[in-house]
Amino acid sequence: MNKLFRKPALTSRRIRFAYIAAILADGIQLALGPFGWAFADELIDVIAMILTTRLIGFHPLLLPTFIAELVPIVDFLPTWTGCVAVVIAIRRKRERDSMASPENLDRADVIDV
């Protein structure tokens, strides 16, 4: 269970593959049309969720994206691509913030006012 929620390091390769998986999922669903084929849209969503989670780690934003994809017409929106972009931005910001936290700074970098 812990392995499911791990957050792998955000490498450029992982980010690139996550975007490719998301763009492919959104593109295929757009090509299938508004009603898709029987269960093809859902299968694509399951695959996109698994790939995205494996590549950039689990994030709670993936769940509403998965649910939104089940709604007809909404799957025309690039929800997977948008979700991947937001999750990557959040993870990068957290990594930047943790690197700039006081415990990570050298004493020489701290300026007393």
key: In sequence order, calculated HN-Hα J values of region 75-80 (Karplus, 6.51, -1.76, 1.60; Hz; x Gly/Pro)   = 5, 6, 6, x, 5, 5
query = Just the accessible area for Leu30, please: 1.4 Å probe, Å², rounded to the nearest 10?
reply = 100 Å²
request  = Just reorder Met49, Met99 by solvent-accessible area, largest first, 1.4 Å probe, all chains present.
outcome  = Met99, Met49
inquiry  = I'd like the accessible area for Arg94, computed on protein heavy atoms only with a 1.4 Å probe and all protein chains in place. Round to 10 Å², please.
reply    = 140 Å²
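May I ask you to compute the full-extension gain from Ile47 to Leu61, defined as 0.36 nm times their residue separation minus their alpha-carbon distance, rounded to one decimal in nm?
3.4 nm
The values are calculated or read from the model by the stated rules, or taken from the named source; none is laboratory data. Since this is a predicted model, take the numbers as computed values, not measurements. SASA here: full protein model, heavy atoms, side chains in, ligands and nucleic acids out. Shrake-Rupley method; radii C 1.70, N 1.55, O 1.52, S 1.80 Å.
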